[in-house]
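Asks: Supplied in structure tokens, the structure appears directly below.
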Amino acid sequence: MELEDEAEDVLQKACRGLELPYDPTWSLEEAARRLNVNYEALTRLETYTPTASLPDEVKCHTTEFGHIGVNSWQIGTHLFDTGTNGEQIRETSGQLTGITITHGHHDHVGGYSVLRPYVETAWCPSDQPIDQAETLKHGEICLMSGYQFRCLDVTGHATPTHAPKALAYYTDETEVPLCVIGDAIFAGSMGGCRNAAQYEQLMSNVRDHILTLPPKTLLLPGHGPATTVEQELLNNPFLAR
């Protein structure tokens, strides 16, 4: 699976987050310095391929959105995010018992109305207007498909009109520790922010709640391939230092 962002995308996201204009005359090195992203990691993005083996209980459903699609992650019989095509997921998921939403962007909840009648329970972050879903907040523990997941605040990324509450979900009870992270982190990048306040909030939440997880923790993002905490600390221009 290809990466969500190329080097140019990373620089554009950093500009928006810092509320700075992008100057196309900058060299890559100068842009990295001005925008406080890691130059060496930026130059490696073109060939960066994270290595992350999915445990048997984890399955990725990718539905159509943008240039590489949007991921829904199934862990046991529980689905995290519903992508854009609920019927497609129903055909390949087998019996599901629950749904949990990371955030309310339309590509992550587009299949919810199709899938909700077939599951027993659904959860979402506390500010999401999602029908028939219980709300969760940072620090809560929730039992999903027999695994205890801890809710982690990763609020900050946004669409042009909406910056919803966002949660990641971490468990260390699977074969390897894993965290469903929505659009907070992608392999080699992060979710986009529309202003400096959102950018600072997302960076702070990622540093405090995601990068402090065990290095081998499997990160399951909303777009692009799975990765790990330690690989992003080395190869993500926003996070490598």
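Asks: Just wondering, is there one or more residues in the range 161-169 that are at pLDDT below 95, among the hydroxyl-bearing types (Ser, Thr, Tyr) and surrounded by fewer than 16 Cβ atoms within 10 Å (Cβ to Cβ)?
Replies: Looking for residues that are at pLDDT below 95, among the hydroxyl-bearing types (Ser, Thr, Tyr) and surrounded by fewer than 16 Cβ atoms within 10 Å (Cβ to Cβ), one finds at least one in the range 161-169, hence yes.
Asks: Sticking with this one: Just to be sure I understand, how many residues within the range 21-45 are of a type in the set (D, E, K, R) and modelled with pLDDT under 95?
Replies: Of the residues in that region, 1 qualify.
Asks: Kindly list, by first and then second residue, each pair from a residue in the range 65-78 that is over 14 Å from Gly182 (Cα atoms) to a residue that is part of a strand (DSSP E or B), limited to pairs with Cβ atoms under 6 Å and residues at least 6 apart or on different chains.
Replies: So the pair list comes out as Ile75/Val58; His78/Gly98; His78/Met144.
Asks: Among the residues of the range 119-141, which ones are farther than 18 Å from Val109 by Cβ and part of a strand (DSSP E or B)?
Replies: Ile141
Asks: Can you find a residue that is farther than 19 Å from Leu218 by Cβ, of a type in the set (Val, Ile, Thr) and touching a residue at least 24 places away in the same chain (Cβ under 8 Å) anywhere in the range 132-152?
Replies: No: the range 132-152 contains no residue that is farther than 19 Å from Leu218 by Cβ, of a type in the set (Val, Ile, Thr) and touching a residue at least 24 places away in the same chain (Cβ under 8 Å).
Asks: With the structure loaded, tell me whether Gln231 is assigned to a helix (DSSP H, G or I), under 25 Å from Glu8 (Cα atoms) and at pLDDT below 95 or whether it fails that test.
Replies: In short, no.
Asks: Quick one: in the range 25-66, which of the residues that are assigned to a helix (DSSP H, G or I) and among the basic types (Lys, Arg) is nearest to the chain's Cα centre (by Cα)?
Replies: Arg44
Asks: Same structure again: Would you mind finding the one in Glu29, Glu46, Glu57 that is within 15 Å of Val180 (Cα to Cα), charged (D, E, K, R) and out of contact with any Pro (no Cβ under 7 Å at 6 or more places or on another chain)? Spell out the reasoning first.
Replies: Details: Glu29 fails: within 15 Å of Val180 (Cα to Cα); Glu46 fails: within 15 Å of Val180 (Cα to Cα).
On inspection, the qualifying residue turns out to be Glu57.
Asks: Further question on the same structure: Counting only residues that are in a loop (DSSP other than H, G, I, E, B) and surrounded by 17 or more Cβ atoms within 10 Å (Cβ to Cβ), how many does the range 77-104 have?
Replies: 11
Asks: A further question follows. Scanning the range 188-223 for residues that are under 9 Å from the mean Cα position of the chain (by Cα) and under 25 Å from Tyr39 (Cβ atoms), which turns out surrounded by the most Cβ atoms within 10 Å (Cβ to Cβ)? Step through it out loud before you land on a result.
Replies: Taking the range 188-223 as the starting set, the residues that turn out to be under 9 Å from the mean Cα position of the chain (by Cα) are 190-191, 219-223.
Checking which are under 25 Å from Tyr39 (Cβ atoms) leaves us with 190-191, 219, 221, 223.
Numbers: Met190: 29, Gly191: 26, Leu219: 25, Pro221: 27, His223: 25.
By that ranking, first place goes to Met190.
The values are calculated or read from the model by the stated rules, or taken from the named source; none is laboratory data. Everything quoted here is computed from the prediction, not taken from an experiment. Here the Cβ is made from the backbone with ideal geometry for all residues, glycine too, and neighbour counts use every protein chain on show.
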